[in-house]
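The values are calculated or read from the model by the stated rules, or taken from the named source; none is laboratory data. If you're wondering where the values come from, they're calculated on a predicted model, not measured in any experiment. When we count neighbours, we look across all protein chains shown, and the Cβ atoms used for this are built from the backbone with ideal geometry, even at glycine.
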Amino acid sequence: MRIILHSDINNCYAAIESISHPEYKKIPIAVGGDPEKRHGIILAKNELAKKCGVKTGEALWQAKAKCPSLLILPPNFPLYQKYCNMAKELYLEYTDLVESFGPDEAWLDVTGSTELFGSGEMIAEEIRRRMKTELGLTVSIGVSFNKVFAKFGSDYKKPDAVTSITHENYKEIVWPAPVGELLFAGHSTVRELNRRGIFTIGDIAEAGKERLSRALGKNGERLYFYASGLDTTPVMHIDETIPIKTIGNSTTPPRDLKNFEDAKIILYILSESVAKRLRGHSLLCSGVQIHLRSSSLMTQERQKKLEFPTNLSETICKEGLELLRRTWNFSEPLRSIGIRAIDLSSDKEPQQFSLWRDEEKEVKKENLELTVQKIRDKYGKESIVRSVILSDPVLGTANKPRLEPPAFRTH
C-alpha cells in the first residue's frame, strides 16, 4: 500500500513575515496587494487575523472592515521563495518523490522510506517537528494511501497537526464533508452537484460513476474516483516537469474600465506579457481566453480558437478584443480583466501554410516583436511603449514594473 503525505505550510507568507519581524506575532497581520494600485486581495493572514474573520482571497477593504487594526504588508516573494525552498530541501531528506502543489504545499511519497524512518505518521510527525525547530514554521500534514485524501488530511486540522486518513476511517472523516472540500471541485461544479441533490463527498461516491459522467463528463468521473478513494495518481519525481497547458496574465487596474478603449489599453499590456512568456517557453497558442470581472464582482470567461497558431502579442490582443466586444457592453464597468493563451504547442512543430495568409507579413511582425523584446530586455520595459498605452496616464501605470511572484517550480 502506498503511503502519501501532503504537507501545507500554515499561513505561509504571514508566518515568514513574523519570523523576520517577531513583533508581528502579537498583532493581526496579512500579506496583500497594493491598495493604491487596487491589487487588493489578501494573500495570507496570521492566526490573529483569522480569528477576526479575515479570509484569503477577499478584498483588502473587506478584511479591514472585519479587523480595523489589521496590518497589511506588501509581499516579499524572494523571501517566501527562500523559505519554501528550504522546506523542500527538508522533504528531500525523506524521499525524492516530492511534487509541489503551489509554493507552500507538496506531496511526498514515502512508501519506500518507511524502513529507514518508520511509519507514515512517524515521518509526518518528524517533519512537523523539524519544520518548527529548524525553520520556525508550522505545517499541517495529511497521511493517506492516495494524494487526494492526503491533501484532504492536511486541510482537516490546522494549524500544526498531522491527520491520518486510512482505508478504515475515510468514510467517517471524508464523506461527511461538503463537496467543495474535495480536490478540484470548483464553484461551478459545486453548484451543479448541489442542484442535483449531491451535497457531501459521500453523496458523490454513492451517486455512482455513470450518473456523474452523464452530469459532468470526465470531471464527474474523476470526482467519483476521488471521493471513492480510488485515486492512483503517482507523486512525481523531483526532477520531473509538468507540461505547460496555458499561459495567462490578469490584473486589477488602477481604476475601473469604463469603456472599450480603457480595456484595450490593459489588454495590450497583458498580451505583451503573455506573448513574451510564450516565446520564452518556445510555444505557440491556438486559442485565446479572456476573463472579466465586473465592479459588482460578477465574472465571465469566453474563449475562441485561432485560425493559425501564434505567439505574437498583436494577434493575441486582437482576438481578445474581439471576444470582449462580443461579450461585454460596459453597462457595468470592469474591475479586473485577464487574457490567456490556450491550446499550446511547440514552435518547433511543423506549421500548415495557407494560400490565404501573407506569410511574409507574419514573419515581419514576428521579427519586429523580437527586436522590441531585445531592446526592452536591455534597456527596460518602458524603453519602447505602444502609443495606446500612453493614451491614459492612469491606466498606463499598469505597465510599470512591479514586484511579482517568482516562477516557483511546480512538479
Residues in segment 100-107: is at least one in a loop (DSSP other than H, G, I, E, B), surrounded by 16 or more Cβ atoms within 10 Å (Cβ to Cβ) and of a type in the set (Phe, Trp, Tyr)? yes
Please state which of the following conditions Thr233 fails to meet, knowing it meets all the rest: (1) free of Cβ contacts under 8 Å to residues at least 40 places away in the same chain; (2) in contact with a helix residue (DSSP H, G or I) (Cβ under 6 Å, 6 or more places away or on another chain); (3) closer than 21 Å to Ile141 by Cβ; (4) of a type in the set (Val, Ile, Thr). (1)
Is it fair to say Pro254 is more than 20 Å from the chain's Cα centre (by Cα), in a loop (DSSP other than H, G, I, E, B) and at pLDDT below 95? yes
As an exercise: evaluate Leu92 against (1) within 23 Å of Gly136 (Cα to Cα); (2) buried (at least 21 other Cβ atoms within 10 Å of the Cβ); (3) touching a residue at least 60 places away in the same chain (Cβ under 8 Å) and give the number of the one condition it does not meet. (2)
The listed residue being more than 12 Å from Ser7 (Cα to Cα), at pLDDT 95 or above and not aliphatic (A, V, I, L, M), out of Tyr83, Tyr91: Tyr83
Pairs, please: C-beta under 7 Å, at least 6 apart or cross-chain, first residue surrounded by fewer than 18 Cβ atoms within 10 Å (Cβ to Cβ) and in segment 203-229, second of a type in the set (S, T, N, Q) and in a helix (DSSP H, G or I)? Asn219/Thr189; Glu221/Ser213
Do you know which of the residues in segment 238-251 that are in a loop (DSSP other than H, G, I, E, B) and modelled with pLDDT under 90 is surrounded by the fewest Cβ atoms within 10 Å (Cβ to Cβ)? Pro243
Examine segment 320-329 for a residue that is loosely packed, with under 12 Cβ neighbours inside 10 Å, hydroxyl-bearing (Ser, Thr, Tyr) and either over 25 Å from the mean Cα position of the chain (by Cα) or outside any loop (DSSP other than H, G, I, E, B) (or both), and state whether such a residue exists. no
